[in-house]
Amino acid sequence: MSTTLFSRDDTGPETDFVPHNSHWGAFSARWKEGRLEVRPHPADPDPNGILQNFPAALRHRARVAQPMIRRGWLEQGPGPDPRRGRDEFVPVSWGKALDLLGGELARVRDGHGPGAVFGGSYGWSSAGRFHHAQSQVHRFLNTAMGGYVRSVNSYSSGASSVLVPHIIGDYEDLTKRNVSWEQVAEHSDLVLAFGGMALKNSMIAGGGISRHVERGAMARARARGCEFVLVGPLRADLPDEAGAEWISSEPGTDTALMLALVHTLVAEGLHDRAFLDRYTVGWAMFERYLLGETDNQPKDAAWAAPLTGVPAETIVDLARRLAGKRVLVVVSHSLQRARFGEQPVWMGAVLASALGQIGLPGGGFGYALGAIAYYGRRTNAVPMPTLPQGRNGIRDYIPVARIADMLLHPGAPYRYNGETRTYPDIRLVYWAGGNPFHHHQDLDRLRQAFARVDTLVVHELGLTATARHADFILPCTMTLEREDIGGNTHDPLLVPMRPVAEPFGEARDDYAIFADLAERLGRREAFTEGRTTRQWLEHLYEPTRAALKEQGLPAPDFETFWAGDGFDLPQQADDGGRLRAFRADPDQAPLVTPSGRIEIFSETIASFGEATCPGHAAWLGPANCPSAPAPLHLVANQPATRLHSQLDFGGHSMDAKHRDREVARMHPADAAVRGIADGDIIRLFNERGACLAGVHLTEDIRQGVIQLPTGAWYDPVDPVEGKPMCVHGNPNVLTQDVGTSNLAQGCTGQLTTVEVERFTGNLPPIRAFDPL
Ligand SMILES: Nc1nc2c(c(=O)[nH]1)N[C@H]1C(S)=C(S)[C@@H](COP(=O)(O)OP(=O)(O)OC[C@H]3O[C@@H](n4cnc5c(=O)[nH]c(N)nc54)[C@H](O)[C@@H]3O)O[C@H]1N2
Ligand SMILES: Nc1nc2c(c(=O)[nH]1)N[C@H]1C(S)=C(S)[C@@H](COP(=O)(O)OP(=O)(O)OC[C@H]3O[C@@H](n4cnc5c(=O)[nH]c(N)nc54)[C@H](O)[C@@H]3O)O[C@H]1N2
Ligand SMILES: [Mo]
C-alpha cells in the first residue's frame, strides 16, 4: 500500500523516506516527482488506509495560512457575542495577534483570576510526545497564567472510567493489562462481544501504532475453534475473519440482555457460586433483584425478549452455551456512551463473574478490547518521553462533556460521583488540539454556549467549525511539518518523527506560539526552560535511554536515535495484570475497591442516592427510546475513513463520501416505507436539528436503526426559521447534550432518535473546507 496523490507546487528534488508516526499508524514519507508518497511501517501486518489522508491534506485549502481575529472582537473587544461562528475574520500579523491575545490573557488573569479560564482543551490532537497540543496548552496555562479550570475523564469512556474504580478498581489495569489479543488467539473458547470489536476502531492508537495485530489474532482464534458472537445493531462490528454469529439487538438494551443471560444461568444452576463467594461482594442483594424478589419482575429471557428484540430462545440458548467454557465478555466503549451507560459496563462485569471467568487467560471481562489499539497489548517496560505540564493552581474541574452546561449556567449546581458541585464562571476558553464541533452533542446548544464567553482562542491546522467560532484563530503546523518523538506506552516502536514539509503558510508550532505568548506575560523562561524544540526532544528522550541502559539493553544516544528509523522498546510480560493476581490470591492481591473484591453491589454508589445509577447494575429503561415523531435509532459511531474529524478533507475520507456528504446506512425496509432509494440524499431530523447525508441501503444493519458516523465537518446553513441544518452530515446536530447519569456525567453521543426523509430540495454546496 503505497500511493502518490499530492502534487507540490514546486517539483522539488526527490527526498529519502523519513520516518514518522500518527494515531493511525507508523509510516514513512518522501517527496518524489513533486508528490508526497506515504508508506506504512515495514513491520505492520495490516496497515491502516487512513494514512492516505495525508498527501492531499498537506496543502489543502482547508489549512489555516495566517493568524486571524474575528471582526466583532477586533472592533468591540472581548465580551459575549451571538455573532460568534457567523462573523467575518480579519487576517493579522503574528505580532499583532500575539500582542492582542497577550493583553487579553493578562486582563482575564489579573481581573478575574485563572479560575475564569477554561483550558480543558479536550481532543486527540496529533501523535508526537512533545508537540501533543493538549500537553502544550496545559503547560502554558500552568506556567504563564497560574492555572485553569480543567476537564476530567474523556468522551471515550466518561461513564466507565468513573464506575470501574468503584466496582473493579484500577481502570488502566482493566483496559490495558487484562486479556490480550495473544490470549484471545490462544485461550478463548467463546468471545461474546457487545458492540463488537470493529477493525476500523482498533486500527487507531493515541500516540501511534506500528503493528495492527487484531485481524490476525481473531483469525488465529477462529482457526483454533474459538467462536465469536456479536451482539449489536451492525454486522460489520466484527470482521469476516472472526466468522461471527450476529445477534441483532436493539441499541441501548444490552443491560436487559445481560440480565437475562445471568438469570438463565442462575435458574439452571449454571452460575459459578464458588467464584461469586470468594471474589465478589453483594451478589445476594443483586440476586434478589435479578429474580424479581424486590420488584416482582424476574429478569428472565421472556422479560428481555421484547425489550432487546432478541428472541427468548436465543437468549436461553446463548446462556447455556456460555456455561463451562473459557468465555470472554467484551463490552465496547460505545455502550457506555449513552444514557445510563454505566449499567452495561457493570452488568458485563457481573456476567463475567457469574461465569467465574475473571482472571483466567483469554477469559473474563474484556472491557473495551478492540475499541483502540492500545487495549489488549503489552505495556512497554521503560518510560516514554513525556512533556511535564507543570502545576495547576486551580483545583476546579468539570466532567468533560458538561462544557455547554458550564458555559450556559455559571454558578449552577450539578451532581458528579457523589458530590454536588458548582459550575465556574468562565470568561476565556483556550483550545488547542481538539474540535468541540466534532466531539460535543447538540451543536446548536454548543453555539449558544460559546456565544457566552468573552474570548475563545483556537490553535488549528485546519478551518474547523471550532476555529470558525473562535475570536482568535492561530494557525499551527501539522505533524508532517515538524520534528518530534513518536510512540505510545503499548506499542514497542519509538520513532524519530522527522519533518517532510515546510510549514504551511505562516503556520507555527504550538510550542513556538505559546513561547511567544508566555513572553508577553513575562513567563517565557518558565514555559520554555530555555530549550529549543530539539533540546526538548533530547531532554525528553533521556529518561527512556537511561532506563534502557539500566536494564542492560542497547541504549542509543539521542543523535543515533534521531538519525535512524526508530527501534523497538522492551515490553512487560502478558501476565493478566491485577485481575490474574487477584484470582490467584484475593487476600494477598485485593482489588483497589472499597471491599478489595469485585463489587456486584456497591455500598459507596448506593450511598450517593442517585436514581440514575443505583447500588447494583439494573435495567433503568432503554438508553434510547424511538417513538413518533422520531421513530428510528440513530447510531452515531466512529468513522472508518478517518480519526474523528481529523483530515476529513484528505483523500481517503473524501473518496468515501457521496455527492460530497457523509454516508448513512439504513435497512432497505426502513427506506422503502419512506420512499428512499440507495444513493439518495436524505435529511435526518429531530427536535434538536437536522443534517443531510448520502444513504446506502444494507441488510447488515438492524431494521429500525440508521447509522451515520461522526466526523464530517459541521457545515450549517441558517434557516429562515428553526434550527440550522448541517449540509455535510455531522450527526452531533441531532444528539442530545445530557450526561450518562448523575454518577459519571459522561458523553451520551452514540445514540439518539431521528426521523428521516428523502431530500428533494436544491442541494446546498459544502462550504466547510472553504477559506474564510
Ligand atoms: N455523536 C458522537 N460524538 C462523539 C463520539 C461518538 O461516539 N458519537 N465519540 C466521542 C469520542 S470517543 C471522542 S474521543 C471525541 C473526539 O473528539 P476530538 O478529539 O475533539 O476530535 P478530533 O477530530 O480528533 O480533534 C482533534 C483536532 O486537533 C487538530 N490538531 C491535530 N494536530 C494538531 C496540533 O498539532 N495542534 C493543534 N493545535 N491542533 C491539532 C485537528 O485538526 C482536529 O481538529 O469525539 C466524541 N464525539
Ligand atoms: N477509524 C476510527 N477508529 C477509531 C476512532 C475513529 O474516529 N476512527 N476513534 C477512536 C476512539 S477515540 C474511541 S474512544 C474508540 C471508540 O470505540 P467505540 O465507542 O466502541 O466505537 P464506535 O464505533 O463508536 O462503536 C462501536 C459499535 O458499537 C455499536 N453500538 C452502538 N450502540 C450500541 C448499543 O447500544 N449496543 C450494542 N450492542 N452495540 C452498540 C455500533 O454498531 C458501533 O459500530 O474508537 C477509536 N477508533
Ligand atoms: Mo474516544
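The values are calculated or read from the model by the stated rules, or taken from the named source; none is laboratory data. As the structure is a computational prediction, the values presented were derived from the model and not from experiment. Positions of Cβ are backbone-derived with ideal geometry, glycine not excepted, and every protein chain shown enters the neighbour counts. Only protein heavy atoms, including side chains, enter the accessible area calculation; ligands, DNA and RNA are left aside. Shrake-Rupley method; radii C 1.70, N 1.55, O 1.52, S 1.80 Å.
Taking the stated definitions as given, is Pro344 within 16 Å of ligand 1 (Cβ to nearest atom) and within 20 Å of Asp254 (Cα to Cα)?
On the way: within 16 Å of ligand 1 (Cβ to nearest atom): yes; within 20 Å of Asp254 (Cα to Cα): yes.
So Pro344 passes the test.
For region 498-532, how many residues meet the condition of being buried (at least 17 other Cβ atoms within 10 Å of the Cβ), more than 28 Å from the chain's Cα centre (by Cα) and part of a helix (DSSP H, G or I)?
Within region 498-532, residues that are buried (at least 17 other Cβ atoms within 10 Å of the Cβ), more than 28 Å from the chain's Cα centre (by Cα) and part of a helix (DSSP H, G or I) number 8.
Results for (1) of a type in the set (Lys, Arg); (2) open to solvent by 50 Å² or more (accessible area, probe 1.4 Å); (3) outside the structural domain of Arg129 (by TED's automatic domain parsing), shown as yes or no for each residue.
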residue: Tyr397; (1), (2), (3): no, no, no
residue: Val400; (1), (2), (3): no, no, no
residue: Asp405; (1), (2), (3): no, no, no
residue: His409; (1), (2), (3): no, yes, no
residue: Arg415; (1), (2), (3): yes, yes, no
residue: Arg421; (1), (2), (3): yes, no, no
residue: Pro424; (1), (2), (3): no, no, no
residue: Arg427; (1), (2), (3): yes, yes, no
residue: Gly433; (1), (2), (3): no, no, no
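Restricting the search to region 334-350, which residues are within 16 Å of ligand 3 (Cβ to nearest atom) and either in contact with a strand residue (DSSP E or B) (Cβ under 8 Å, 6 or more places away or on another chain) or open to solvent by 10 Å² or more (accessible area, probe 1.4 Å) (or both)?
Just the residues of region 334-350 that are within 16 Å of ligand 3 (Cβ to nearest atom), to begin with: 334-338, 341, 345.
The answer is Ser334, Leu335, Arg337, Ala338, Val345.
Report, ordered by the first and then the second residue, all pairs with beta carbons closer than 7 Å, sequence separation of six or more or different chains, a first member in region 643-654 that is under 16 Å from His439 (Cβ atoms), and a second member that is of a type in the set (S, T, N, Q) and more than 7 Å from ligand 1 (Cβ to nearest atom).
Within 7 Å, the pairs are Leu647/Asn53; Leu647/Ser653.
Identify, by number, the condition in (1) among the basic types (Lys, Arg); (2) within 16 Å of ligand 1 (Cβ to nearest atom); (3) assigned by TED's automatic domain parsing to the domain that holds Met258 that Arg642 doesn't meet.
Among (1) among the basic types (Lys, Arg); (2) within 16 Å of ligand 1 (Cβ to nearest atom); (3) assigned by TED's automatic domain parsing to the domain that holds Met258, the lone unmet condition for Arg642 is (3).
Of the residues that sit in region 122-160 and are surrounded by fewer than 24 Cβ atoms within 10 Å (Cβ to Cβ) and β-branched (Val, Ile, Thr), which one is nearest to ligand 2 (Cβ to nearest atom)?
Selected residue: Val152.
Quick one: which helices (runs of 4 or more DSSP H) lie wholly within region 570-661 and hold at least 1 residues that are open to solvent by 20 Å² or more (accessible area, probe 1.4 Å) and under 30 Å from Val695 (Cβ atoms)? Let's see the steps before the verdict.
Details: elements: 577-584, 603-608, 651-655.
By residue number, 651-655.
Looking at (1) more than 16 Å from ligand 2 (Cβ to nearest atom); (2) open to solvent by 10 Å² or more (accessible area, probe 1.4 Å); (3) assigned to a strand (DSSP E or B), find the lone condition where Leu684 falls short.
Every listed condition holds for Leu684 apart from (2).
Look through Val191, Val184 and report the one residue that is open to solvent by less than 10 Å² (accessible area, probe 1.4 Å), away from ligand 3 (no atom under 16 Å from the Cβ), at pLDDT 95 or above and in a helix (DSSP H, G or I). Give the steps one after another, and end with the answer.
Numbers: Val191 fails: in a helix (DSSP H, G or I).
Of Val191, Val184, the one residue that is open to solvent by less than 10 Å² (accessible area, probe 1.4 Å), away from ligand 3 (no atom under 16 Å from the Cβ), at pLDDT 95 or above and in a helix (DSSP H, G or I) is Val184.
Take the residues of region 232-252 that are assigned to a loop (DSSP other than H, G, I, E, B) and touching a residue at least 40 places away in the same chain (Cβ under 8 Å): which is farthest from the chain's Cα centre (by Cα)?
Of region 232-252, the ones assigned to a loop (DSSP other than H, G, I, E, B) are 233, 238-239, 243-244, 249-252.
Filter once more, keeping what is touching a residue at least 40 places away in the same chain (Cβ under 8 Å): 233, 238-239, 244, 249-252.
On the way: Pro233: 20, Leu238: 19, Pro239: 21, Ala244: 25, Ser249: 24, Glu250: 23, Pro251: 19, Gly252: 19 Å.
The selected residue is Ala244.
Between Arg177, Arg235, Arg222, which is in the same structural domain as Ala323 (by TED's automatic domain parsing), basic (Lys, Arg) and under 25 Å from Met666 (Cα atoms)? Step through it out loud before you land on a result.
Details: Arg177 fails: under 25 Å from Met666 (Cα atoms); Arg222 fails: under 25 Å from Met666 (Cα atoms).
Of the residues listed, the single one that is in the same structural domain as Ala323 (by TED's automatic domain parsing), basic (Lys, Arg) and under 25 Å from Met666 (Cα atoms) is Arg235.
Going by the conditions given, is Gly206 within 8 Å of ligand 2 (Cβ to nearest atom), surrounded by fewer than 22 Cβ atoms within 10 Å (Cβ to Cβ) and not basic (Lys, Arg)? Explain how you work it out, then say what you get.
Details: within 8 Å of ligand 2 (Cβ to nearest atom): yes; surrounded by fewer than 22 Cβ atoms within 10 Å (Cβ to Cβ): yes; not basic (Lys, Arg): yes.
Spelling it out, Gly206 is indeed within 8 Å of ligand 2 (Cβ to nearest atom), surrounded by fewer than 22 Cβ atoms within 10 Å (Cβ to Cβ) and not basic (Lys, Arg).
Cβ-Cβ distance below 7 Å, separation of 6 or more or different chains: which pairs start in region 319-344 with a residue that is more than 14 Å from Leu270 (Cα to Cα) and of a type in the set (A, V, I, L, M) and end on one that is in a strand (DSSP E or B) and within 16 Å of ligand 3 (Cβ to nearest atom)?
Correct list of pairs: Ala338/Leu751.
Can you pull out the residues in region 89-104 that are open to solvent by 30 Å² or more (accessible area, probe 1.4 Å) and closer than 12 Å to Pro475 by Cα?
Correct list: Pro91, Ser93, Trp94.
Provide a single number: the residues in region 351-371 that are within 25 Å of the chain's Cα centre (by Cα) and either among the β-branched types (Val, Ile, Thr) or open to solvent by 10 Å² or more (accessible area, probe 1.4 Å) (or both).
Total satisfying the criteria: 1.
Looking at (1) touching an Asp or Glu at 6+ places or on another chain (Cβ under 8 Å); (2) in contact (Cβ under 8 Å) with a residue 60 or more places away in the chain, which is the one condition that is false for Arg71?
(2)
Just to be sure, is Arg177 more than 16 Å from ligand 1 (Cβ to nearest atom), in contact with a helix residue (DSSP H, G or I) (Cβ under 8 Å, 6 or more places away or on another chain) and not aliphatic (A, V, I, L, M)? Steps first, answer last, please.
Details: more than 16 Å from ligand 1 (Cβ to nearest atom): yes; in contact with a helix residue (DSSP H, G or I) (Cβ under 8 Å, 6 or more places away or on another chain): yes; not aliphatic (A, V, I, L, M): yes.
The answer is yes for Arg177.
Just one of the numbered conditions (1) out of contact with any Lys or Arg (no Cβ under 9 Å at 6 or more places or on another chain); (2) within 29 Å of Pro361 (Cα to Cα); (3) within 16 Å of ligand 2 (Cβ to nearest atom); (4) not β-branched (Val, Ile, Thr) is not true of His166; which one?
Tallying (1) out of contact with any Lys or Arg (no Cβ under 9 Å at 6 or more places or on another chain); (2) within 29 Å of Pro361 (Cα to Cα); (3) within 16 Å of ligand 2 (Cβ to nearest atom); (4) not β-branched (Val, Ile, Thr), His166 fails exactly one: (3).
Residue check, Gly746 against (1) touching an Asp or Glu at 6+ places or on another chain (Cβ under 6 Å); (2) of a type outside the set (D, E, K, R); (3) assigned to a loop (DSSP other than H, G, I, E, B), all met but one. Which one?
Of the numbered conditions (1) touching an Asp or Glu at 6+ places or on another chain (Cβ under 6 Å); (2) of a type outside the set (D, E, K, R); (3) assigned to a loop (DSSP other than H, G, I, E, B), the odd one out for Gly746 is (1).
I want to confirm something. Restricting to region 749-772 and keeping residues that are within 21 Å of the chain's Cα centre (by Cα) and open to solvent by 10 Å² or more (accessible area, probe 1.4 Å), which single residue is farthest from Asn686 (Cα to Cα)?
Kept after step one, since they are within 21 Å of the chain's Cα centre (by Cα), are these residues of region 749-772: 749-752.
Narrowing further to those that are open to solvent by 10 Å² or more (accessible area, probe 1.4 Å): 750-751.
Numbers: Gln750: 15, Leu751: 13 Å.
The qualifying residue farthest from Asn686 (Cα to Cα) is Gln750.
Within region 701-748, restricting attention to residues that are open to solvent by 30 Å² or more (accessible area, probe 1.4 Å) and β-branched (Val, Ile, Thr), which residue is nearest to Pro233 (Cα to Cα)?
Val738
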